[in-house]
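To keep things clear, I will list the structure first and then write my remarks on it.
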Amino acid sequence: MVKWVNLDEMPEGVVKAYTRLFLTAPVAHWIHNAKTQMRVLQVSQGLYFPITINQTEWDSTFTCSPYTAYVLYAQDEIRRNLKNPLLQMGLLGLLKGVSWILKRGKINQNVHVNNFLLSTNPYPAWSGQELAAVTAFLRCEFPQHALIFRSLNEPQHASLLHTFQKNGYHLVGSRQVYLYEMAREAWLKHNNNKQDLRLMRNQNLRYLSHEAMGAYLEEALVLYQKLYLEKYSWHNPQFSLAFFQACHRDETMVFQGFADAENRLRAFSGLFVIENTVTSPLVGYDTDAPQKEGLYIHAIQSVFDYLFKTNKMLNLSSGAAHFKRLRGGKPAIEYSAVYMAHLPWFRRLVYGLLLKISNQIGIPLMKKYEL
């Protein structure tokens with residue numbers, strides 16, 4: 001049953017509508033710094049995974065480049081979050097050496113499975129029963145490529161992680177994400193959430209539904225860029241206006257926002273939903289505005305509202321860790337499952353080094369500093 005499929009072989013739904021973009025136009029048309037090729041793999045009846053295929057592409061976005069994720073993005077995170085100068089200098093020096101080794105080990109010669117090129121790739125309900133067949137198929141198709149599944153965490157994927165390990169995959173820690181699965185009543189027990197609602201009432205911004213957001217997509221893109229690219233890292237996905245417009249038109253993203261009395265968009269969110277998991281890969285607000293206006297709060301509140309309406313699980317990704325913890329977010333280490341048994345010994349050695357650095361240094365630091 002495991003095979004490549006074309007668009008006309010797929011059932012209608014979010015996966016088909018979303019992957020249609022990348023199968024009918026160059027990937028970089030939609031995400032400027034995503035240098036990759038996408039195909040779609042049918043795993044079983046009704047189960048389809050988008051696949052990205054890479055060779056080197058050292059400056060591509062982290063969503064398809066492990067080198068960017070573990071070196072370039074990590075450098076940005078260390079500079080922004082670690083205030084201890086000696087620790088910062090030591091880790092940056094370590095990454096400089098790791099950079100050379102990862103390139104020699106062809107770390108970017110890989111195939112990512114279930115990769116939507118978003119910061120968090122939600123999974124459908126999947127037991128992993130077909131994993132051995134998927135692995136055999138992709139090994140045959142790409143004998144020189146590592147096989148990678150991103151965005152896995154224990155609270156959501158404990159059984160699946162066990163299946164990966166039984167099938168010869170190694171789990172590489174990548175970052176700490178924050179999960180929410182609660183009713184509004186439980187959420188309101190956190191005092192910060194009550195304070196947020198009071199602040200929003202005082203600001204009196206006008207809520208914009210998905211339909212209304214169609215007129216604000218250019219402004220939304222600017223707000224996303226100010227937050228994710230200018231404030232955090234240019235290695236985040238650099239989405240195009242065409243991407244925002246297509247996702248809004250096809251409703252593969254649920255857009256919500258807030259406008260002021262002058263009809264300017266001040267904050268927004270874009271939600272991506274696969275079955276029971278809600279993610280928010282698109283968030284933006286006016287980062288130049290005073291913090292007391294609570295514009296980030298407005299953006300995240302729209303995400304929470306959707307969560308309470310749908311009773312799903314929210315994966316609010318990484319970043320703003322203190323803010324998310326105070327509002328009920330449960331931290332979870334996110335892993336990438338990597339299969340490398342078929343690779344030459346030196347490349348396996350390099351992945352082994354990455355495993356040690358990520359799992360024995362990276363994860364303890366993420367937990368200690370609540371990153």
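Quick check: at a probe of 1.4 Å, how many percent of the accessible area of the chain sits on carbon and sulfur atoms?
Carbon and sulfur together cover 52 percent of it.
Past 20 Å, Cα to Cα, is the threshold; run 35/106; 3/106; 83/194; 194/226 against it and keep the listed order.
Checking Cα-Cα distances, 3/106; 83/194; 194/226 exceed 20 Å.
So which residue, out of 328, 319, 97, gets the largest mean-square fluctuation from a GNM of the chain using Cα contacts under 10 Å as springs?
97
Determine the relative contact order of the chain: mean sequence separation of Cα pairs under 8 Å and six or more apart, normalised by residue count, in whole percent.
After rounding, I find 22 percent.
Can you list residues whose amide H is under 5 Å from residue 266's amide H, if they're 5+ apart or on another chain and H is modeled 1.01 Å from N?
258, 259, 260
Please identify every one of the trypsin sites (Lys or Arg not before Pro) in segment 249-296 that sits in a loop by DSSP and has no more than 14 other beta carbons within 10 Å of its own beta carbon.
Sparse-neighbourhood loop trypsin sites (Lys or Arg not before Pro): 264.
Pick from 45, 156, 129: which is most flexible by mean-square fluctuation in a GNM of the chain where alpha carbon atoms under 10 Å apart are linked?
Looking only at 45, 156, 129, the biggest GNM fluctuation is shown by 45.
Could you please report the charge total around residue 308, scoring K, R as +1 and D, E as -1 over all other residues with beta-carbon less than 15 angstrom from its beta-carbon?
Its environment carries a net charge of +2.
Return one whole number: the accessible area per residue of the chain in Å², for a 1.4 Å probe.
With the other protein chains kept in place, the chain gives 44 Å² per residue.
Under a GNM of the chain (C-alpha, springs under 10 Å), which listed residue has the highest mean-square fluctuation: 282, 91, 221?
So, out of 282, 91, 221, the one fluctuating most is 91.
Can you list residues whose amide H is under 5 Å from residue 147's amide H, if they're 5+ apart or on another chain and H is modeled 1.01 Å from N?
When sequence neighbours closer than 5 places are left aside, the close amide H contacts are 111, 339.
Taking the Cα centroid of segment 239-310 and of segment 43-60, what is the distance between the two, rounded to the nearest whole Å?
Between the Cα centres of segment 239-310 and segment 43-60 lies a distance of 26 Å.
Which aspartates and glutamates does residue 103 reach when only Cα atoms under 17 Å apart count, and residues fewer than 8 places away in its own chain are ignored?
Those aspartates and glutamates meeting the cut-off are 57, 59.
Over all pairs of distinct alpha carbons, what does the Kirkwood formula give as the hydrodynamic radius of segment 73-130, in Å?
14.6
Just to be sure I understand, if you calculate volume of the Cα convex hull per residue in Å³ for this structure, which of [x] 170; [y] 131; [z] 139 do you get?
Recomputing volume of the Cα convex hull per residue in Å³ here gives the entry labelled [y].
Please list, or write none, the aspartates and glutamates whose alpha carbon is within less than 20 Å of the alpha carbon of residue 292, excluding same-chain residues fewer than 8 places away.
Partners found: 196, 260, 262.
Check each of the GluC sites (Glu not before Pro) in segment 112-181 and keep only those in coil by DSSP with at most 14 other C-beta atoms within 10 angstrom; list them in order.
Answer by residue number: there is no such site.
The values are calculated or read from the model by the stated rules, or taken from the named source; none is laboratory data. Values in this document were obtained by computation on a predicted structure and should not be read as measured data. Cβ atoms come from the backbone with ideal geometry, glycine included; neighbour counts cover every protein chain shown. Just the protein is used for accessible areas: all its heavy atoms, side chains included, with ligands, DNA and RNA removed. Shrake-Rupley method; radii C 1.70, N 1.55, O 1.52, S 1.80 Å.
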